[in-house]
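In what follows, a structure is listed as structure tokens, so that the remarks can point back to it.
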Amino acid sequence: MKLKALLALFFGVIAVFAFSPFNLWPLAFFSFIGLVALSINVNAKKSAIIAFFWGLGFFGAGVHWIYVSIQQYGELPIPVALLLLSLLIGYLSLYPALFAFLLNRLAKPYSFVQLVIAAPALWQLTEFLRGWILSGFSWLQLGYTQLNSPLKAYLPIFGVNFLNLFVPMLCGLLLYLFSIRHRIHRLTIYLVVVSILVFSVITGYLSPIHWTKVDTSRKVELALVQGNIQQSLKWNKDQLETTLSTYKQLTQAHLSSADIIIWPEAAITDAELNQQDYLTALDKQARENKTTVATGIIDVRYRHHDIDVFNSIIVLGDRVPYAYLNDNRYSKHHLVPFGEYIPLAQLFKPIAQLLNVPVSSMTAGERTQPPLMMQGFKFTTVICYEIILPELILDNFQPDTDFLLTISNDAWFGNTIGPWQHLQMAQTRAVEFGRSLIRSTNNGITAVINPQGEIIDQLPQFEQAVLSVSVSPSIGETPFAIWGNWPYWSLTLLLFLITFWFKIRK
């Protein structure tokens with residue numbers, strides 16, 4: 001049992017190397033096969049323990065970077081920071097443990113039903129729960145590891161959730177074939193070979209297809225401003241004037257050359273109401289140069305005896321002069337637990353107070369909001385963490401959307417793998433929707449991504465710079481943008497029905 005737990009820990013760790021910045025995508029298969037193989041031929045309780053250790057390895061190696069924001073920027077003593085990080089990793093590890101426990105109870109070990117039908121369905125169920133309970137944390141889904149594999153061809157058709165289901169299915173099939181290798185019939189071998197060939201042909205046919213078309217008749221000159229304001233200083237009141245001066249200075253050189261200038265999330269670290277003179281002057285200057293400026297800002301609204309605080313992006317310099325609460329803005333809908341709001345406030349409020357987060361009681365914007373309009377182009381917009389939520393973008397995406405836009409501040413996570421994982425998920429959104437994606441950040445990774453998920457250009461991390469790039473919009477829709485997650489949910493439901501049918505018949 002101890003050996004299996006240690007092996008499970010190892011298999012969990014190596015899965016992280018399938019994600020960015022390492023991109024060794026075959027390790028995702030190797031890791032999941034190891035998880036299932038170790039946990040299915042024991043009783044349900046031992047199965048859950050083994051999978052829990054897999055989770056400790058996976059999430060311990062995969063989200064250790066949260067320690068930077070807890071300890072360095074939350075200003076907690078190291079033992080307390082390590083305790084909170086351990087609690088988070090332990091909590092996340094409960095989901096693979098639940099997966100293994102249910103898999104053990106629902107089907108016969110090493111059966112086709114268990115490995116190929118029940119396993120992917122149960123994995124997707126527990127992953128859904130991980131992304132939903134307490135508003136969720138759907139980071140490190142296995143589907144993202146396939147951005148650089150041949151399976152990428154299925155992203156614009158079915159989306160990343162389908163790959164998160166399909167990867168375990170392929171792993172289960174490989175494990176099942178290995179388990180019956182001594183009693184396999186010749187006909188079965190032929191069927192497997194033919195199936196692999198057919199799958200390879202289909203994948204090869206789909207890979208070069210571009211579901212959307214770049215409209216080269218239209219073009220926009222972008223300037224993405226990376227202020228590189230240190231997170232330890234960012235919210236210091238004495239730093240505000242320096243921050244405002246920095247962004248204004250970096251912007252000046254591009255007012256006459258860029259059509260659209262984009263500042264990152266909360267570039268202006270003050271309430272929008274407090275900066276009306278600054279915003280009005282910048283708006284006037286942008287319009288005089290026929291340029292548009294979009295910036296992240298905190299919008300504080302007072303109502304009766306309460307206060308609403310929104311994490312917003314506003315547009316300046318457009319056709320209509322800037323006015324507070326104008327329509328051309330986006331307010332973040334999906335807030336980050338403990339960072340932007342407190343789930344189950346009465347229970348977790350002491351933890352939030354410990355973390356010393358500058359803005360931890362924010363208000364969610366509407367789930368569906370109009371696209372931002374800039375220079376006649378439509379931008380479907382999300383802020384920071386929201387880029388990992390394809391369902392949210394589906395609800396806001398329109399057939400005539402020109403670009404996807406996300407602004408972020410990954411300075412919370414320092415020089416770790418966290419920002420690279422975040423960028424990988426943004427690349428996946430570009431592929432799913434067949435649109436170029438614009439990503440402006442405080443200290444990196446600022447980048448422009450094409451509809452195939454490839455980085456056109458990017459800025460180095462931790463440098464104060466401006467990324468200038470010319471981009472054309474895309475027209476048309478990918479199958480995923482039209483269908484959404486219906487095919488994936490239908491397949492998941494079918495797998496569950498088959499699993500329970502066999503269970504009942506038994």
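The values are calculated or read from the model by the stated rules, or taken from the named source; none is laboratory data. Everything numeric in this text was worked out from a predicted model, so none of it was measured. We place every Cβ from the backbone using ideal geometry, glycine too, and count neighbours over all the protein chains shown.
Assorted remarks:
- Every residue from the range 385-408 that is touching a helix residue (DSSP H, G or I) at 6+ places or on another chain (Cβ under 8 Å) and part of a helix (DSSP H, G or I): GLU386, ILE387, ILE388, PRO390, LEU392, ILE393, LEU394
- Taken as a whole, the condition of being surrounded by fewer than 18 Cβ atoms within 10 Å (Cβ to Cβ), of a type in the set (Gly, Ala, Ser) and assigned to a helix (DSSP H, G or I) applies to SER232.
- Against the conditions (1) in a helix (DSSP H, G or I); (2) among the β-branched types (Val, Ile, Thr); (3) surrounded by fewer than 23 Cβ atoms within 10 Å (Cβ to Cβ), VAL36 satisfies every one except (3).
- Residue in the range 73-107 that is farthest from the chain's Cα centre (by Cα), counting only those that are surrounded by fewer than 16 Cβ atoms within 10 Å (Cβ to Cβ), farther than 24 Å from TYR144 by Cβ and touching a residue at least 12 places away in the same chain (Cβ under 8 Å): ARG105
- Of all the residues in the range 15-40, those that are within 18 Å of GLN424 (Cα to Cα) and not polar (S, T, N, Q) number 12.
- Residue in the range 312-325 that is surrounded by the most Cβ atoms within 10 Å (Cβ to Cβ), counting only those that are small (Gly, Ala, Ser) and either in a helix (DSSP H, G or I) or in contact (Cβ under 8 Å) with a residue 12 or more places away in the chain (or both): GLY317
- Only listed residue being at pLDDT 65 or above and more than 26 Å from the chain's Cα centre (by Cα), chosen from SER207, SER217, SER200: SER217
- Flag if THR295 is modelled with pLDDT of 95 or more and under 29 Å from SER69 (Cα atoms): yes
- Test: VAL382 is buried (at least 24 other Cβ atoms within 10 Å of the Cβ), farther than 20 Å from GLY476 by Cβ and β-branched (Val, Ile, Thr): yes
- Residue in the range 469-481 that is in contact (Cβ under 8 Å) with a residue 40 or more places away in the chain, within 18 Å of the chain's Cα centre (by Cα), part of a loop (DSSP other than H, G, I, E, B) and over 22 Å from ASP259 (Cβ atoms) present: no
- Residue that is surrounded by the fewest Cβ atoms within 10 Å (Cβ to Cβ) [pool: residues in the range 493-506 that are not aliphatic (A, V, I, L, M) and not in a loop (DSSP other than H, G, I, E, B)]: ARG505
- Residue-level analysis places LEU282 among those that are out of contact with any Phe, Trp or Tyr (no Cβ under 7 Å at 6 or more places or on another chain), closer than 19 Å to ALA223 by Cβ and crowded, with 17+ Cβ neighbours inside 10 Å.
- Residue match in the range 42-63 (condition: surrounded by fewer than 17 Cβ atoms within 10 Å (Cβ to Cβ), within 27 Å of the chain's Cα centre (by Cα) and under 30 Å from TRP235 (Cα atoms)): no
- Scanning the range 108-118 for residues that are surrounded by fewer than 21 Cβ atoms within 10 Å (Cβ to Cβ) and either part of a helix (DSSP H, G or I) or of a type in the set (Gly, Ala, Ser) (or both) yields a total of 3.
- Residue in the range 316-323 that is at pLDDT 95 or above, among the hydrophobic types (A, V, I, L, M, F, W, C) and in the same structural domain as ASN228 (by TED's automatic domain parsing) present: yes
- When the range 39-80 is limited to residues that are outside any helix (DSSP H, G or I) and more than 20 Å from ALA97 (Cα to Cα), the one that is modelled with the highest pLDDT turns out to be TRP65.
- Members of the range 260-311 that are touching a residue at least 40 places away in the same chain (Cβ under 8 Å), more than 21 Å from THR441 (Cα to Cα) and not in a strand (DSSP E or B): LEU273, GLN276, THR280
- Looking across the range 285-297 at every residue that is among the aliphatic types (A, V, I, L, M) and in contact with a helix residue (DSSP H, G or I) (Cβ under 7 Å, 6 or more places away or on another chain), the one that is surrounded by the most Cβ atoms within 10 Å (Cβ to Cβ) is identified as VAL293.
- Note on the range 153-171: residues that are buried (at least 24 other Cβ atoms within 10 Å of the Cβ) and closer than 9 Å to VAL116 by Cα total 2.
- Considering only residues in the range 438-492 that are among the polar types (S, T, N, Q) and in contact with a His (Cβ under 8 Å, 6 or more places away or on another chain), the one that is surrounded by the most Cβ atoms within 10 Å (Cβ to Cβ) turns out to be SER468.
- Applying a threshold of 7 Å to beta carbon distances and a minimum spacing of six or more residues, or different chains, the list of pairs starting in the range 390-418 at a residue that is under 20 Å from TRP486 (Cβ atoms) and ending at one that is acidic (Asp, Glu) reads PRO390/GLU432; LEU392/GLU386; PRO399/GLU477.
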